[in-house]
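The values are calculated or read from the model by the stated rules, or taken from the named source; none is laboratory data. Computed from a predicted model, the values in this text were never measured in an experiment. Every residue, glycine as well, gets a Cβ built from its backbone with ideal geometry; the counts of neighbours run over all protein chains shown. These accessible areas exclude ligands, DNA and RNA; they are computed on the full protein's heavy atoms, side chains included. Shrake-Rupley method; radii C 1.70, N 1.55, O 1.52, S 1.80 Å.
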Amino acid sequence: MASSRGSGRGKVRNLVLVLGDQLDAASTAFEDFDPQQDRVLMIEASGEAQHVWSHKARIALFLSAMRHFAAELRAHGLHVDYVPLAGNPHASLLDSLDAKIVALAPQKLVLVEPGEWRLERGIEAVAARRDVPLAIRDDLHFLVSRHEFAEWTKGRKVLLLETFYRFARQRTGHLMEAGKPAGGAWNYDRENRGAFGKSGPGRVPPPPRFKPDKITRDALDEVARRFPDHPGSLEHFGWPVTRTQALEALGAFVKDRLPSFGRYQDAMWRGEPFLYHSLLSAALNLKLLSPREVIEAAIAALRAKRAPLAAVEGFVRQILGWREFVRGVYWRNMPAMREANHFRHRRALPKWYWTGATAMHCMRETIGQTLDHGYAHHIQRLMITGMFGLIAELDPKQVADWYLAVYVDAVEWVELPNVAGMALYADGGRFTTKPYAASGAYVNRMSNYCAGCRYDPKQRTGASACPMTVLYWNFLERNRAELAAQPRTALMVRNLARLSETERAAIRRHARTLLANLDSL
Ligand code: FAD
Ligand code: SF4
């Protein structure tokens, strides 16, 4: 990936660009770092916070974690050229990089594979324009490299998580015993779909929250000052911003919540934003933690009989399976994935996605905790805000921008496949076997949201009909031919056929009214 060198290079040998989600001291970016001749470059650019309308906590997390990481590198004797928001005349990260290349005239620009397609192309373009050789190094954070994933896909018509997961288990040896899956089965998914029942979850061990130190407090103040109109709150900010804190969060999860993680993975409960989830995604995505150590910590708990196999396997599947899989799928399908719109949905995102001001209790609860914490767990993202996006025929780009904006763990390589591929089926099922559509009955089974809602999940028509239910049946009706032809959705369409034509017409009418008035739901 090197281009011919221009003349007049300066004293800096390697300019090592470290992006905000590359905070890993063990990364290949530093493998031949020579403090005498090399320099680290870290850039805070307001454009990265405004590219989508980012949640304040997401911006603060990036700023604080980057500043802590720069301080650590300096403490280890590395020369860090840090461009803070306050001192950056450029809104765009690429313009800042360009200016630094002009000022320092490095002999080479070094970085680890960026997580975002747009940035990788942009950095290549800047390096080419300035005629500076560019070395993009492998990202060893991941257990399966981009190249290995591409090899794995060769000759496969459909990409399925389950086949990839088995490949990754065999390749890494995690949860394998003498070439066979630990416990005799690859997957304990059936044991991982429990709901809480009427009495609720009881007391759930709370995840550790970290008191902001001076660096974090300064970042929080700066975000409040610079981005006052951005969504979300800074009041509850307690995310790990250093590797030490991230390791503490991992330890607490494995000890307190992992044993029940599997069983209640899909459950939701009012006023319980975290339940038994790990809350490690942001630390993983910033690379404060490596997936290897997270997986190994869970497997160590299994060996010590402190967590059951179904919980540990369920957790490992999320990281070794889903997390690695969606990254591979992202790089394979970009930039088309960003434009995909299989169902040609064009409706605007309802305004209340940014405020939570809706009468739909499930949406109010999920969006409310998202605005408070920058967090919702997987089933809330997939089956509440995501599924509504699908059945309310929302424009996939607007939905994807919302997800990229509002979660503290949002980085495009993981966000986009989950939104466009899993939640919205916008890619027409390149790696999922069906659209995830369900009615209010699913929400009612998996949570207690419906109990406090103005709508009734069982009603398909009438004033108290649940919008999830109405729009679900309407979605089936509109896409009947396609869904009937797929084995995993054919049953849904057969259920539709059981409704009388009168009822179906009433549902269609009601759905038309809802869709025309999404902002008022
Ligand atoms: P846990 O439930 O404790 O799971 C453990 C870990 O497994 C997570 O930390 C995460 O690293 C990984 N993981 C779990 N599910 C997935 C998945 N489907 N894809 C990739 N990794 C997974 N995850 C992000 O990290 N960033 C995103 O921007 C993001 N956007 C999403 C958007 C939608 C529509 C959906 C359906 C899912 C999205 N996810 C995203 C995946 C998942 O919801 C989050 O990783 C998870 O909720 C983070 O919370 P946790 O750390 O408590 O996860
Ligand atoms: Fe959501 Fe419908 Fe249940 Fe209300 S009744 S919480 S809108 S699923």
Label-point gap, in nm, between A26 and K211 - each point 7 angstrom along Cα→Cβ: 3.1 nm
The chain - Kirkwood radius from inverse mean 1/r over Cα pairs (Å): 24.4 Å
Tensor-based shape of the range 297-433 (alpha-carbon gyration tensor, a/c under 1.5 rounded, otherwise prolate or oblate): oblate
Selected from L78, P259, L109, residue furthest toward positive end of dipole (the chain; charges at beta carbon): P259
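Mind pulling up the Rg/Rh value for the range 454-504? Radius of gyration and Kirkwood radius, both on Cα.
The Rg/Rh ratio comes out at 1.01.
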Helical contribution to [θ] at 222 nm, DSSP H n ≥ 4, -39,500 (n - 2.57), averaged over the chain, rounded to 500: -12500 deg cm²/dmol
Candidate lysines for bridging to K100, where Cα separation is under 19 Å - those fewer than 8 sequence places away on the same chain excluded: K11, K108
Charge dipole magnitude, Cβ of K and R +1, D and E -1 - the range 86-126, Cα centre, debye nearest 20: 120 debye
The range 394-418-the range 254-274 distance, computed between alpha-carbon centres (Å): 23 Å
Accessible area, probe 1.4 Å, largest first, for residues K255, K397, K56, K157: K157, K255, K397, K56
Evaluated at q = 0.20, 0.23, 0.25, 0.29 Å⁻¹: base-10 log I(q)/I(0), Debye formula over Cα of the range 168-225: -0.82, -0.94, -1.02, -1.14
For q = 0.19, 0.21 Å⁻¹, Debye-computed log10 I/I(0) when each Cα of the range 258-305 counts as one equal scatterer: -0.75, -0.86
Per residue Cα convex hull volume in Å³ - calculated over the range 315-377: 143 Å³
The range 376-489 shape via C-alpha gyration tensor axes, a/c threshold 1.5: oblate
Equivalent ellipsoid semi-axes - Cα gyration tensor, the range 97-225, angstrom: 40, 30, 14
Cα gyration tensor, the range 1-153 - rounded (a/c under 1.5), prolate or oblate: rounded
Label zone at A99, where the point sits 7 Å out along the Cα-to-Cβ direction: the range 47-62 residues whose backbone N lies under 14 Å: 47-48
The range 200-249 and the range 286-300: distance between their alpha carbon centers, rounded to Å: 21 Å
For the chain: relative contact order, % (alpha-carbon pairs under 8 angstrom, 6 or more apart): 16 percent
Per residue, in Å², the accessible surface of the range 305-423 once ligands and nucleic acids are set aside, probe 1.4 Å: 27 Å²
Fraction of accessible area attributable to carbon and sulfur, the range 265-312 (%, probe 1.4 Å): 50 percent
Solvent-accessible area, 1.4 Å probe, carbon plus sulfur percent, for the range 107-183: 53 percent
